[in-house]
Amino acid sequence: MLEKTKWYTGTMRPKSHFGFREIAHTADWELEVWAPDLGTLLVQAARGMYHLAEAKLSSHPRLNRKIEFSFQEPETLLIDFLTELIFLTESEGLAFDQYELQFEGDQLIALVSGAELESISKEIKAATYHNLIIRESERGLIANIVFDV
Amino acid sequence: MVSLQDLKQINRFEWEIPQSYRADMRVPVRIFATRQLLEQIKNDKSLEQATNAATLPGLVDRVVVMPDVHQGYGFPIGGVAATRLPHGIISPGAIGYDINCGVRLLASQIEFDAVKNHLSDLANTLNHLCPSGVGKKGHLRLKNVELEKVIRDGSRWTLQHGYATEADLRRTEERGRLEGADPTKISKRAKDRGRPQLGTLGAGNHFIEVDVVDQVFHPQAAQVMGLTVGHLVVMIHCGSRGFGHQICTDYVREFQSAVKRYSIQLPDRELVCAPLDSPEGQAYLGAMRGAANYAFANRQVLAHFARQAFEETLAGKVPNWHLHQVYDIAHNMGKIETHEVDGVPVEVCVHRKGATRAFGPGYQGLPAEYRSIGQPVLVPGSMGTASWVLVGTAESMQRSFGSSCHGAGRTMSRSKAKKMIWGEDLRKELQSQGIHIRAGSMAGLAEEAPQAYKDVDAVVETVHGAGIANKVARLRPVVVIKG
């Protein structure tokens, strides 16, 4: 059972292992993400996405955004979270490297901090639901996300 | 995983995954490929994704797979599926995020030899006038009211604003405008993304190429299209930009709950769908048509600026720098069409994702001059290889819902391509072959290297051999602009 009601600060060092890696995909990007809890999983997915896009942030000024989500299931939240970041990259030229996520029942309040992009190599059209299941494993929660690029 | 033993060979160019392969398949999968291409295709999840697509409710006859197929997300890239009206489904994921991604071809009477010393300047001017790259904004600044007109009117809006000629519209699929586009079914967020991006190329595998007509295989069709060996042409490959991406994103999310409401069981959530006659299905259809119209207008504006680049660079150097339109065709689209199924005409929604409409001679929707030769099919190849012009056939109407291939089709992952190929080396290599490259990102260039794609000539020989399109002309690139 996924824990939905907890605080997670992405800038803190979590107790368990977390990370992301690219999985070979013929045309698009597949990212495998693992983390001890849902909040960390979202943060790792965001970091992995920016890594694949080769996003480089300007050193200043720092910019913050507060984004709110309501969700029924964790997979939809994961896609909504990434979709919001993709939108902010395209519409405002922003990317983020610090995350503070607050879960309250079926609500998530995300305080994200970043800056304008200095450069980015790849255009991400969308984060997809292709075979998307957040599952529990020895590495904690794990998900494979395919991005249309 | 589908293996070659699961396939039944129909003939040299056609294979079938029978409906009995999986209990939840509603129709068989028909694959157009040679054995050699099939060996490449089976290395990724294309065929598994095609069998998943064959479970969609309301399918008729078969799911069709083109020889350039590759693994996508949900529905394979290079797939065609038709669902029966009124209760069959429409699936945003079976059309793709880049709604009406497509190709436009402009031809000229400019001889390559007369301008070969000006190609570097032409590449610079095209690169300047046709904005490319991630999230790039265009030269146009649309207000909401103008964007709504683009959504409703597509290329007709560009004609009214001086970016098109009547001849351009005549030689565009559906005259560059799908009836039934509904701006009220499109989110504010999609409109926010679309407003600044009209007339932009984007990134990824999108490009503007200047090619030379290398060989002609069908002299009559080439003459009608105005294609002459040794003359320059321009190919534009792009779609509906962030506007279409957002519309697809919105509806894939909304349909996650729609499938539950309509008790639709699917093997993959990205295949979510809704019955065509449902409020959800009708809303997506109206929004998708709006994105298609935006994409037609986008390629038209880019064509306008390509013409301006030719004028700025070549005026006074060649007697005639005019670019006339050959055709503009979508390869990510859902269209309501009538096809014969078991000898009976049936109204269906044809989902083409990475597949090109390829209607044969006699289709009344074609411009009069093309009715005797069939609809032009535009097949961009990989960078540095070749692109093709084909025509649709009567056979394609019977065997592939009037569809053919859309490109070379990837065969290598982006990460592997980047590990194997250094972008700057590739640029130099292509430059040494006389191909002028302007690219926003060297990493992006490496991902699109020719080695990452199938042999486009083999793909084209397959659809030609299978009879679902006929070869007209082969093009070779001399200028490539990429985001």
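The values are calculated or read from the model by the stated rules, or taken from the named source; none is laboratory data. Here the structure is a predicted model, which means the values were calculated and not measured. Neighbour counts are summed over all protein chains in view; Cβ atoms, including those assigned to glycine, are modelled from backbone coordinates with ideal geometry. In case anyone asks, the SASA skips ligands and DNA or RNA and just uses the protein heavy atoms, side chains included. Shrake-Rupley method; radii C 1.70, N 1.55, O 1.52, S 1.80 Å.
Here are the numbers for this structure:
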| quantity | calculated |
| --- | --- |
| Binned Cα-Cα distances of segment B:142-297, short to long, each 5 Å bin given as a whole percent | 2, 9, 15, 16, 16, 14, 10, 8, 6, 3, 1, 0 |
| FRET E, pair residue B:121, residue B:141, Förster distance 22 Å, beta-carbon r, rounded to 0.05 | 0.20 |
| Under 5 Å, built H, 5+ apart or other chain: amide partners of residue B:479 | B:210, B:436 |
| Loss of accessible area when A meets B, both sides summed, Å² nearest 100, probe 1.4 Å | 3200 Å² |
| Hydrodynamic radius of chain A per Kirkwood, over alpha carbon pairs, in Å | 15.4 Å |
| For the protein assembly as shown: accessible area per residue (Å², 1.4 Å) | 35 Å² |
| Interface residues in segment B:222-255 - accessible area drops by 20 Å² or more relative to the isolated chain, probe 1.4 Å | B:245, B:249, B:253 |
| P(r), alpha carbons of segment B:390-442 - 5 Å bins starting at zero, rounded % | 4, 14, 14, 15, 15, 8, 10, 13, 8, 0 |
| Rough spin-label spacing in nm, given labels placed 7 Å along Cα→Cβ, for residue B:43 and residue B:395 | 2.7 nm |
| Rounded if a/c under 1.5, otherwise prolate or oblate - segment B:258-382, Cα gyration tensor axes | prolate |
| Pairwise centroid distance, computed over Cα atoms, of segment B:436-483 with segment B:231-286, Å | 27 Å |
| Residue B:207 long-range amide H proximity, modeled H, under 5 Å | B:237 |
| C-alpha center-to-center spacing [segment B:46-120, segment A:52-74] in angstrom | 32 Å |
| Accessible-area order (highest first, 1.4 angstrom probe) of the listed residues A:130, B:139, B:87 | B:87, B:139, A:130 |
| Accessible carbon and sulfur surface of the protein assembly as shown relative to its total accessible area, %, 1.4 Å | 48 percent |
| Cα-derived Rg to Rh of segment B:149-225, Kirkwood definition | 1.07 |
| Rounded to the nearest 20 debye, dipole of chain A from Cβ charges on Lys, Arg, Asp, Glu | 480 debye |
| Label-point gap, in nm, between residue B:128 and residue B:431 - each point 7 angstrom along Cα→Cβ | 1.9 nm |
| Residue-averaged 222 nm ellipticity for chain A, from DSSP H runs of 4+ at -39500 (n - 2.57), nearest 500 | -7500 deg cm²/dmol |
| Percent of alpha-carbon pairs separated by more than 21 Å within segment B:74-172 | 62 percent |
| Residues whose placed amide H lies under 5 Å from that of residue B:403, excluding near-sequence neighbours | B:358 |
| Rg to Rh quotient for segment B:236-296, alpha carbon positions, Kirkwood Rh | 1.03 |
| On Cα atoms only, tilt of B:456-466 relative to the major axis of chain B in degrees | 50 degrees |
| In order through segment A:25-30: 3J(HN,Hα) via Karplus (6.51 cos²θ - 1.76 cosθ + 1.60), integer Hz, x for Gly, Pro | 9, 4, 10, 10, 10, 10 |
| Average beta carbon contacts from partner chains per residue of B:198-209, 10 Å cutoff | 2 |
| Positive-pole candidate from B:402, B:25, A:93, dipole of the protein assembly as shown, charges at beta carbon | A:93 |
| Nearest-10 value in Å² for the accessible area of residue A:99, using the 1.4 Å probe | 0 Å² |
| Degrees, to the nearest 10: B:241-261 long Cα axis against longest axis of chain B | 0 degrees |
| Rounded to the nearest 10 Å², the accessible area of residue B:4 at probe 1.4 Å | 40 Å² |
| Alpha carbon convex hull of chain B, volume per residue in cubic angstrom | 127 Å³ |
| Value of [θ]222 nm, deg cm²/dmol, for chain B, DSSP H segments ≥ 4, -39500 (n - 2.57) each, nearest 500 | -10000 deg cm²/dmol |
| Partner chain coverage, peptide B:265-273 - average Cβ within 10 angstrom | 3 |
| Share of alpha-carbon pairs per 5 Å distance bin for segment B:1-91, given as whole % | 3, 16, 28, 27, 16, 7, 3, 1 |
| Taking the convex hull of Cα positions in segment B:372-411, its mean projected area over all directions (nm²) | 3.4 nm² |
| Antiparallel bridges, percent of DSSP beta bridges restricted to the protein assembly as shown (to nearest 5) | 90 percent |
| Cα-only Debye scattering, segment B:360-483: base-10 log of I(q)/I(0) at q = 0.15, 0.18, 0.22, 0.23 Å⁻¹ | -0.73, -0.90, -1.12, -1.19 |
| Reduction of at least 30 Å² in accessible surface, 1.4 Å probe, comparing all protein chains with the chain by itself, residues of segment B:60-90 | B:71, B:73 |
| Residue-level accessible surface for residue B:91, protein heavy atoms, 1.4 Å, Å² | 0 Å² |
| Degrees separating the helix B:423-432 axis from the principal Cα axis of chain B, which is the longest one | 60 degrees |
| Taking N as its residue count, the alpha carbon Rg of the protein assembly as shown over 2.2 N^0.38 Å | 0.92 |
| Violating pairs (Cα-Cα greater than 30 angstrom) within the set A:125/B:185; B:45/B:188; B:143/B:418 | B:45/B:188; B:143/B:418 |
